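The structure under discussion appears below in the form of structure tokens.
The values are calculated or read from the model by the stated rules, or taken from the named source; none is laboratory data. Nothing here was measured: the structure is a model prediction, and the numbers come from that model. Here the Cβ positions follow ideal geometry from the backbone for every residue, glycine too, while neighbour counts run over all protein chains shown.
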Amino acid sequence: METSLSSQSEGCETRDKAVNGWHMIEPFNHIVSMYRLSSVAAESLKELGFVVIPSLMPVDRLEHFAEAFDHAVASAIPGDIHIGSTTTRVNDFVNRGRYFDEVYLYEPILAACCQVIGQPFKLSVLHARSVHPNAPEQSLHVDFAHDEQGWPMVGFIIMVDEFRKKNGATRFVPGSHKWTTTPDELATSHQPQMLACGPAGSLIIYNGSVWHGHSANLTNEPRRSLQGAYIRRDAAGWFQQNGRMLPETLDRISELAKYLLAAGQSRDRSLRTAQ
Ligand SMILES: O=C(O)CCC(=O)C(=O)O
């Protein structure tokens, strides 16, 4: 199937009319119809608030991916690096080379956004996050509380290193995305927790309203990951606010990626789908 963008419509209503042999459909409806989560993954995301998809990235790409990750982190300017008490974050992996172009387009991530957000969405952030060696566990938190419209965010984490019990794997309180309380309101340590473990190249997808945080890293090595978040399309987004899109990125990425970044666009645009 070929896809390209047209600048002729915006909004989330369905469009489905033939124009010069093309069928026009609104991009969100295109993603809903074309992208799938397995029923097991969909159930886990719905009931637990997260799912681990093991070894999504082909094994023969892992080494190059980790090298590209380290190179991108090492070459970031100080203004893009945030060193916290337990993790270091490096911003904007949309603009750090072709190795990172596909990671925010993985089918299960986009399908999860349709399931959880349930309305047109866009990428909010894509950054590196490394848990420091010997870091204590992070407090449980939500990224976004749910609101009257539902759940506003889907997060995803690509494991650059294996996530293990001892090296700071992400912990989740299963089902907590459905609660009306937030972590500050209860003694969080008493809640049942599940660790999201997996080999390097695995993917975690989570509802941004589930209670989560990294566990303690008891090793002498950092626990590396690439992390992103999708939010409602009409919410304020990092890429637009920061005007970060590089011309070479825009030349390189697909039309679907440009739509999902909503970068450099004053209007949403429609996908043209060849029939
Ligand atoms: O890296 C992780 O495992 C989770 C990090 C996280 O939730 C955060 O820093 O807000």
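Worth a mention:
- Of all residues making up segment 57-85, the number that are touching a strand residue (DSSP E or B) at 6+ places or on another chain (Cβ under 6 Å) and touching a residue at least 40 places away in the same chain (Cβ under 8 Å): 1
- Residue 112 meets each of the listed conditions (1) among the small types (Gly, Ala, Ser); (2) more than 15 Å from the ligand (Cβ to nearest atom); (3) more than 12 Å from the chain's Cα centre (by Cα) apart from (3).
- Close pairs (6 angstrom Cβ cut-off, 6 or more residues apart or separate chains): of a type in the set (Lys, Arg) in segment 120-137, within 13 Å of the ligand (Cβ to nearest atom) anywhere: 129/87; 129/89; 129/225; 129/227
- Residue match in segment 206-221 (condition: at pLDDT 90 or above, charged (D, E, K, R) and more than 17 Å from the chain's Cα centre (by Cα)): yes
- Within segment 157-174, tally of residues that are surrounded by fewer than 18 Cβ atoms within 10 Å (Cβ to Cβ) and either within 11 Å of the ligand (Cβ to nearest atom) or over 13 Å from residue 199 (Cα atoms) (or both): 2
- Identification of strands (runs of 3 or more DSSP E) wholly contained in segment 201-264 with 1 or more residues that are of a type in the set (Val, Ile, Thr) and within 14 Å of the ligand (Cβ to nearest atom) yields 203-207.
- Contact map, segment 213-227: first residue among the acidic types (Asp, Glu), second residue surrounded by 18 or more Cβ atoms within 10 Å (Cβ to Cβ), Cβ cut-off under 9 Å, separation 6 or more or different chains; pairs are 221/161; 221/167.
- Matching residues in segment 25-56 - criterion: being surrounded by 14 or more Cβ atoms within 10 Å (Cβ to Cβ), among the aliphatic types (A, V, I, L, M) and either without any contact (Cβ under 8 Å) to a residue 60 or more places away in the chain or not in a loop (DSSP other than H, G, I, E, B) (or both): 25, 31, 32, 34, 41, 42, 45, 51, 52, 53
- In the set (1) surrounded by fewer than 23 Cβ atoms within 10 Å (Cβ to Cβ); (2) more than 22 Å from residue 93 (Cα to Cα); (3) of a type outside the set (Gly, Ala, Ser); (4) in contact with a strand residue (DSSP E or B) (Cβ under 8 Å, 6 or more places away or on another chain), the condition left unmet by residue 177 is number (1).
- Test: residue in segment 178-186 that is among the acidic types (Asp, Glu), under 22 Å from residue 85 (Cβ atoms), in a loop (DSSP other than H, G, I, E, B) and within 16 Å of the ligand (Cβ to nearest atom): no
- Some residue of segment 20-43 being modelled with pLDDT of 95 or more, under 19 Å from the mean Cα position of the chain (by Cα) and farther than 24 Å from residue 122 by Cβ: yes
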